[in-house]
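S.K.: Take a look at the following structure, please.
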Amino acid sequence: MSTFIMFGKYTAEGFTNMSQERTEKIVEIIKKRNGNILKMFAILGEYDLLFLVDFQNTKTAMQTSVEISHYSGISFSTSPALPVEMFDELMGGGFFSDWESPQS
């Protein structure tokens, strides 16, 4: 599993149907694709939402992001994330034997 950050920004449509039920449906969509939700935040600033989710691969993360956007009216920008310790070791020429590229 690889960790992805999903940044959500409400569209005009997204503002009109805010509800706990919509949030539950988004969780259902993520779980349907075998995603594991680590955290979900409502935030202030450039984006309105931030989800930390583990997915099997980039393809699944992209499919889920598009499906949630289509369903909810929330525009998502989804990016792979690495722990800083893993990044430091990779940049230092080290190798994480248990690391799987999120591009797979």
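S.K.: Determine if segment 78-85 includes at least one residue that is in a loop (DSSP other than H, G, I, E, B) and either of a type in the set (S, T, N, Q) or within 12 Å of the chain's Cα centre (by Cα) (or both). Quick ask: steps written out before the conclusion?
M.R.: Start the filter on segment 78-85 by keeping residues that are in a loop (DSSP other than H, G, I, E, B), which leaves 82-83.
Filter once more, so that each one left must be either of a type in the set (S, T, N, Q) or within 12 Å of the chain's Cα centre (by Cα) (or both): none.
No, the conditions are met nowhere in segment 78-85.
S.K.: Identify, from the list Phe76, Phe7, the residue that is in contact (Cβ under 8 Å) with a residue 12 or more places away in the chain and touching a Lys or Arg at 6+ places or on another chain (Cβ under 9 Å).
M.R.: On the way: Phe7 fails: touching a Lys or Arg at 6+ places or on another chain (Cβ under 9 Å).
Going through Phe76, Phe7 in turn, just one is in contact (Cβ under 8 Å) with a residue 12 or more places away in the chain and touching a Lys or Arg at 6+ places or on another chain (Cβ under 9 Å): Phe76.
S.K.: Go over the candidates Leu52, Leu38 one by one and state the one that is surrounded by 15 or more Cβ atoms within 10 Å (Cβ to Cβ) and in contact (Cβ under 8 Å) with a residue 24 or more places away in the chain. Let's see the steps before the verdict.
M.R.: Working: Leu38 fails: surrounded by 15 or more Cβ atoms within 10 Å (Cβ to Cβ).
Leu52 is the lone residue from the list that is surrounded by 15 or more Cβ atoms within 10 Å (Cβ to Cβ) and in contact (Cβ under 8 Å) with a residue 24 or more places away in the chain.
S.K.: Another one. Could you say whether any residue in segment 12-33 is surrounded by 17 or more Cβ atoms within 10 Å (Cβ to Cβ), in contact (Cβ under 8 Å) with a residue 60 or more places away in the chain and at negative phi?
M.R.: yes
Since every read-out is calculated from the coordinates, none of them should be taken as a lab result. From a predicted model like this one, the values you see are computed outputs, not experimental measurements. Every residue, glycine as well, gets a Cβ built from its backbone with ideal geometry; the counts of neighbours run over all protein chains shown.
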